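Note sheet for the following structure.
The values are calculated or read from the model by the stated rules, or taken from the named source; none is laboratory data. Just so it is clear, the model here is predicted, and its values are computed rather than measured. For neighbour counting, all protein chains shown are included, and Cβ atoms are generated from backbone atoms with ideal geometry for every residue, glycine included. What goes into the accessible areas is simple: the full protein's heavy atoms, side chains included, and nothing from ligands, DNA or RNA. Shrake-Rupley method; radii C 1.70, N 1.55, O 1.52, S 1.80 Å.
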Amino acid sequence: MKPFQLIIHGGAGQLAEPYLMKKLPVLKESLDAGWKTYLEGGTGEDVVASAIQVMEDCEYFNAGYGGYPNANKIVLLDAAMMNGDREYVAFMNIRRLKYPIRVVRDFLKNEKSLSSVWTHELMESFDFKNAELKKWYGWVERHQDLLSPYVEELLFKNQGEFSVDTGFRTVGACASDESGALFAGISTGGPNHKVNGRIGDAAMIGLGLYADNDLCAMTTTGYGEALLACFPTGFIIGRVRDEVRKDPDCFLKDSALMKRIIDEEFQEFGQKKIKRGGGIICIPKGGEPTYAFNTKAIPIGIRIGTKDKIIKNEAYIDRRDGEKSWL
Ligand code: ASP
């Protein structure tokens with residue numbers, strides 16, 4: 001039996017220090033929630049959903065309740081999940097729900113892969129759910145109920161603090177369970193002031209996230225238009241497949257291999273296009289969680305262990321200049 005592994009990130013970006021540091025304690029809450037679900041017998045999908053839900057519930061993260069509004073001041077959210085059996089659910093432009101990852105996780109229980117925009121009918125169907133389910137999905141009555149006071153202050157009163165173009169902060173989580181099966185999840189509000197109807201990369205399979213038990217689990221954050229155009233995840237998946245074809249145990253034997261691949265690909269991505277910042281977390285088949293980023297900073301949490309014992313437990317903000325802030 002392998003140890004359970006969970007890695008989360010709170011969005012790579014350029015956020016000013018006081019705003020960035022607010023995320024730090026929430027990373028631990030997110031890891032704790034994911035771990036509780038694991039201890040209670042939840043699947044990898046459940047663990048990923050629990051960890052992400054904590055960040056969706058917190059207005060300091062650009063997902064769920066902290067999601068950035070579009071040009072019409074409406075919070076439209078993207079979320080997706082994929083497991084290593086190559087089953088996925090992805091929704092774009094979800095409205096009036098604080099916890100899109102819960103919807104995604106519950107749709108995934110149907111074992112039918114689906115990628116869809118959030119239709120008016122879907123939105124209205126949640127208006128008729130019972131009180132318990134409304135709470136479960138974080139249903140709100142009006143669009144403006146999703147726009148948190150913190151986000152309003154950050155985006156509309158402190159424009160000088162960070163640039164709209166670099167303020168991305170998608171959240172994500174990857175896990176590997178005791179059998180080595182892989183899972184990835186993502187949730188985002190997308191860029192502030194995005195064009196109404198804009199489709200980002202986050203909920204696109206192979207771009208914002210990917211999972212394949214023979215290869216790896218991964219999820220990204222960053223400037224969606226650049227991630228779409230430069231396709232770093234595609235190159236990473238291709239390189240992982242090449243390595244695994246040469247040696248199925250490559251990531252077990254060389255614990256730094258995955259990190260080298262993502263560092264190289266994100267460095268190249270960073271040179272390809274203007275507005276090209278981003279980050280990635282991943283777990284390779286048989287290997288350990290790792291990450292790369294080319295923005296000012298990224299909040300990271302990692303927990304590894306069994307039901308009896310935690311082997312690794314870290315939550316910190318990592319910065320490009322090498323300085324880390326630990327909890
Ligand atoms: N990639 C996301 C998007 O463009 C934004 C982010 O990572 O924050 O929708």
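Here are the numbers for the structure shown:
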quantity: For segment 1-128, share of DSSP beta bridges that run antiparallel, in % to the nearest 5; calculated: 65 percent
quantity: Peptides 57-64, 38-45 ordered by average Cβ neighbours within 10 Å, highest first; calculated: 57-64, 38-45
quantity: FRET efficiency, 1/(1 + (r/R0)^6) with R0 41 Å, evaluated for E132 and N72 via beta carbons; calculated: 0.85
quantity: Using a Förster distance of 56 Å, the FRET efficiency for K157-L252 (Cβ separation, nearest 0.05); calculated: 0.65
quantity: Share antiparallel - DSSP beta bridges, segment 176-327, percent rounded to 5; calculated: 95 percent
quantity: Residue-level accessible surface for F91, protein heavy atoms, 1.4 Å, Å²; calculated: 0 Å²
quantity: Residue-normalised accessible area of the chain, given per residue in Å² at a 1.4 Å probe; calculated: 41 Å²
quantity: Shape call, segment 1-119: gyration tensor on alpha carbons, a/c limit 1.5; calculated: oblate
quantity: Alpha-carbon centroid distance for the pair segment 193-236 / segment 66-85, whole angstrom; calculated: 13 Å
quantity: Separation of the I311 and N196 label points, Cα + 7 Å toward Cβ, nm; calculated: 5.2 nm
quantity: Protection proxy ranking, peptides 184-192, 260-268, 136-144, average beta carbon neighbours within 10 Å, highest first; calculated: 184-192, 260-268, 136-144
quantity: Carbon and sulfur %, accessible surface of segment 80-191 computed with the full protein complex present, 1.4 Å; calculated: 48 percent
quantity: Share antiparallel - DSSP beta bridges, the chain, percent rounded to 5; calculated: 90 percent
quantity: Full-extension gain in nm, D214 to Q267, via 0.36 nm per residue minus C-alpha separation; calculated: 16.6 nm
quantity: Too-long pairs where the Cα-Cα distance tops 22 Å, listed order kept, from K23/K98; K273/K324; K23/K157; K22/K194; K134/K157; K73/K157; calculated: K273/K324; K22/K194; K134/K157
quantity: Between segment 260-327 and segment 94-137, the Cα center-to-center distance that results, in Å; calculated: 30 Å
quantity: L20 accessible area, 1.4 Å probe, all protein chains in place, Å² to nearest 10; calculated: 10 Å²
quantity: The chain, dipole about Cα centre (Lys/Arg Cβ +1, Asp/Glu Cβ -1), debye to the nearest 20; calculated: 380 debye
